[in-house]
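Read the structure below first, then the notes.
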Amino acid sequence: MRVMFSGPVSVFRDRRLPEAATPAGYAALIDAYQLPVPVPHVLSAVGTKHRILEQAGWRIYTPRHAPAPTLEGHLTFALKNEGLDLAILKRLFLAVREDEIAELVKRTPTGLYTRRIWFLYEWLLGRMLNLPTADKVSYVDAVDTDLQFATSGQNSIRHRVRNNLPGTSDFCPLVFKTRALTEFVAQDLKERARVVVSQVPKDLLARTAAFLLFKDSKSSYVIEGERPPQDRIQRWGKVIGEAGRAPLDEAELLRLQRIVIGDERFVRLGFRGEGGFVGEHDRETQGPVPDHISARQEDIACLVRGLIAFDQAAENQLDPVVAAAVLAFGFVYIHPFEDGNGRIHRYLMHHVLARRGFNPAGIHFPVSAAILDNIGEYKDVLESYSRRLLPCIEWETTPQGNVKVLNDTADFYRFFDATPHAEFLYACVQRTIEQDLPRQARFLRSFDRFRSGVENMIDMPERTFNSLLGFLQQNEGRLSKRARDNEFSRLTPDEVTKIEELYRAAFYDSG
């Protein structure tokens, strides 16, 4: 059957082009083969003008970039200019005949792109084409490291391709080397964190670390809309403090869920045995109104296996923050549990950063606190993929008001573009290093200085002192008339004046 590729269009999959142009690469393949896949963030097309235009999720190339209107032409264009989109490639390979790929390779068996296509076909589908081993030519990377993050890789002699994919065919999201990520990596935040910590006196460092740990644990519950008791927050904080010590496996994930949930009377522990979604229920029908639909329960085992394999494969290979984003956001999209997914998702960020030695010893960055302060952007990042995923999922409502997925969706959870997620997490990590950690250390210095000054003046129980500090913080360093007339009526005017001076000296004058 001859496949027809589109001519110039103004709209593609409900997305307007900045000017009429001919879809190219992945866009052309999605259209020609009617592939039911999440559409990439950025699509390519060929225009009529002799300049490249990047606008509104499109990259419009010049006529000289136009690929041949064939499967090989658009596949080569995609690999050369758009990097790997494994979900599209797998669905494409399932849609074309096996002999078409074999013939493509036979025409140019030593070609850089044909060998990559050949390798990716067999890697994604798990079956071999009837082709002899490639001639002894130079190896080519499966992932173009100018475009996307990858590992050092292992050679596939059969294809003369270096398999530098950062995961397995069970789970392998990819991340583009955007300008933002390139700049983050160049900052060497790991070393920056070490320097910041070295400037904190040792007697303050442990207290700073403990406060940040408690803050992160509390923030992770607040993100989920929960207000648990202090002991539960402290218990989860202790778990975060031990992140990275145990290898990631199914038993560890189940252990984390038990700790997160605490009271299991109304929650079924363990991996889901039914569908799942994030969203609301219609008030009238009580039917689900999903913002995100979780992976099918029958796919959870292989996807979790892929997560675990990714964690092991990316260790000491992939950039630590990029690896943390891929693992953590991949987990939350799969949503393998009935409850507890969000907090474990954020724990996995700590797991990777700690295991890779990105954190200074004894310090765990309060990533959840940074997320909470940027909750709108966090939700946008989560929805950046969920919005594109939902149209690809066929589902129906169950009698219990849940969702039942009707089509094969596993590839959409194992292969996705995690670039926005990596950019967001890097920004959170940078903030915790450059702002949260130094700010808390400065606060403790000021706190100790102020407390020492007050204690030299007057004996005051700790609860009363903390109340005094709270009033001063609320009123910009001055004790309000209400506080002077009530809680602190026993202080003389001279003592009040002196305390306010001590506060200003400790918290303002000290810088």
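The values are calculated or read from the model by the stated rules, or taken from the named source; none is laboratory data. Everything quoted here is computed from the prediction, not taken from an experiment. Neighbour counts are summed over all protein chains in view; Cβ atoms, including those assigned to glycine, are modelled from backbone coordinates with ideal geometry.
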* Structure fact -> Condition set touching a residue at least 12 places away in the same chain (Cβ under 8 Å) and among the small types (Gly, Ala, Ser), scope the stretch 233-264, selection farthest from residue 213 (Cα to Cα): answer is 262
* Asked: Quick one: which of 45, 102 is among the small types (Gly, Ala, Ser) and either touching a Ser or Thr at 6+ places or on another chain (Cβ under 7 Å) or not in a helix (DSSP H, G or I) (or both)?
  -> 45
* Asked: Mind checking whether some residue in the stretch 103-115 is among the β-branched types (Val, Ile, Thr), at pLDDT 95 or above, at negative phi and not assigned by TED's automatic domain parsing to the domain that holds residue 154?
  -> no
* Odd one out for residue 20, checked against (1) over 25 Å from residue 148 (Cβ atoms); (2) out of contact with any Gly (no Cβ under 8 Å at 6 or more places or on another chain); (3) not β-branched (Val, Ile, Thr) -> (2)
* Can you tell me which residues in the stretch 79-99 are touching a strand residue (DSSP E or B) at 6+ places or on another chain (Cβ under 8 Å) and part of a helix (DSSP H, G or I)? -> 81, 86
* Structure fact -> Over the stretch 432-456, the set of residues farther than 22 Å from residue 365 by Cβ and either touching a Cys at 6+ places or on another chain (Cβ under 9 Å) or surrounded by fewer than 14 Cβ atoms within 10 Å (Cβ to Cβ) (or both) is 452, 455, 456
* Asked: Picking from 126, 153, which residue would you name as being more than 25 Å from the chain's Cα centre (by Cα), at positive phi and free of Cβ contacts under 8 Å to residues at least 60 places away in the same chain?
  -> 126
* Options 115, 59, 91; residue that is surrounded by 14 or more Cβ atoms within 10 Å (Cβ to Cβ), basic (Lys, Arg) and in contact (Cβ under 8 Å) with a residue 60 or more places away in the chain -> 91
* Residue in the stretch 148-206 that is modelled with the highest pLDDT, counting only those that are β-branched (Val, Ile, Thr), touching a helix residue (DSSP H, G or I) at 6+ places or on another chain (Cβ under 6 Å) and over 25 Å from residue 87 (Cα atoms) -> 196
* To do: Kindly indicate which of 462, 500 is among the acidic types (Asp, Glu), outside the structural domain of residue 328 (by TED's automatic domain parsing) and surrounded by 15 or more Cβ atoms within 10 Å (Cβ to Cβ).
  => 500
* Look at residue 32 and say whether it is among the aliphatic types (A, V, I, L, M), more than 20 Å from residue 117 (Cα to Cα) and at pLDDT 95 or above. => no
* To do: Considering every residue within the stretch 376-388, establish whether at least one is among the hydrophobic types (A, V, I, L, M, F, W, C), within 16 Å of the chain's Cα centre (by Cα) and either part of a helix (DSSP H, G or I) or at positive phi (or both).
  => yes
* To do: Return only the number of the condition from (1) among the aromatic types (Phe, Trp, Tyr); (2) in the same structural domain as residue 404 (by TED's automatic domain parsing); (3) at pLDDT below 85 that residue 266 does not satisfy.
  => (2)
* Scope the stretch 318-368; condition outside any loop (DSSP other than H, G, I, E, B), surrounded by fewer than 23 Cβ atoms within 10 Å (Cβ to Cβ) and over 14 Å from the mean Cα position of the chain (by Cα); matching residues -> 354, 355
* Mind checking whether some residue in the stretch 298-314 is surrounded by fewer than 19 Cβ atoms within 10 Å (Cβ to Cβ) and either outside the structural domain of residue 391 (by TED's automatic domain parsing) or more than 30 Å from residue 181 (Cβ to Cβ) (or both)? -> yes
* Structure fact -> Filtering the stretch 240-259 down to residues that are surrounded by 19 or more Cβ atoms within 10 Å (Cβ to Cβ), within 26 Å of residue 360 (Cβ to Cβ) and of a type in the set (A, V, I, L, M) yields 240, 243, 248, 256
